[in-house]
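Chemist: The structure's right below; bear with me while I get my questions together.
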Amino acid sequence: DTGIAMKKICLALMMLAPLGTTAYALEAPYLGFDAALATLNTKTDDAQMPAIRVRLGSEITRYVGVETQLVRGVVEDEVKQTVGSFDVGLDGSAGIYLRLQLPVGDAFTLYGLAGYAQSWLKVGSTVPGFSSFKTHDKDFSGGGGIDVHLTKNTGLTLDYMEYIEGLSSVALGVRVKM
């Protein structure tokens, strides 16, 4: 049940928040802009959809943060099925995550994300008997990546995310502390 999963995530966030020390105050929030390649796995063919992603987050401690993500597909892809072809597009995805991170010196930070996402897809059809439709799904979501620090306030990010079952992405972008 997704309601129970969300309650567990919220409880975990509340339990982890006090782990910070008074010496490590809440960091300034950060903003990320990414180019992504989203992949929708189907039984016979995968849809590869270029997308853009915006991330907004904040570090609660040096090792724990929270992050929200908004993703929007920019190009649809054709998926071949036994009955014909369909155009698949990512209308969007929105998620909220707990971010566990491990700084490795001053050079980079490894991180993992766990949370909840909702994604919207559109499917266009020219196959007789099949009409175009939109669909959405919500599920546990997670991924991981690396932040490479360029300066004290900017860095490059590379990550892999699984938004809902069958919908994932690889993204490269910039992260700026505000």
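Chemist: Calculate, for region 46-178, the solvent-accessible area per residue in square angstrom, rolling a 1.4 angstrom probe over the heavy atoms of the protein chains. Let's see the in-between values first.
Modeler: Working: 6640 Å² over 133 residues.
For region 46-178, the solvent-accessible area averages 50 Å² per residue.
Chemist: Which whole-angstrom value gives the distance between the alpha carbon centres of region 25-90 and region 95-137?
Modeler: Taking the Cα centre of each part, region 25-90 and region 95-137 sit 5 Å apart.
Chemist: Under a plain spin-label model, where a point goes 7 Å from the Cα along Cα-to-Cβ, how far apart in nm are Tyr160 and Phe130?
Modeler: 2.9
Chemist: Percent of accessible area on region 46-127 owned by carbon and sulfur, 1.4 Å probe? The partial results should precede the final answer.
Modeler: On the way: 2280 of 3580 Å².
Carbon and sulfur together cover 64 percent of it.
Chemist: Quick one: 3J(HN,Hα) in Hz for region 92-99, Karplus 6.51/-1.76/1.60 with θ = phi - 60°, rounded, Gly and Pro as x.
Modeler: Values per residue, Gly and Pro as x: x, 8, 9, x, 10, 9, 8, 10 Hz.
Chemist: Give me, ordered by chain and number, the residues 5 or more places off Arg62 or on other chains with an amide H under 5 Å from its own placed amide H.
Modeler: none
The values are calculated or read from the model by the stated rules, or taken from the named source; none is laboratory data. Keep in mind it's a predicted model, so treat the numbers as computed, not measured. We place every Cβ from the backbone using ideal geometry, glycine too, and count neighbours over all the protein chains shown. These area figures cover heavy atoms from the full protein model, side chains too; ligands, DNA and RNA do not enter into them. Shrake-Rupley method; radii C 1.70, N 1.55, O 1.52, S 1.80 Å.
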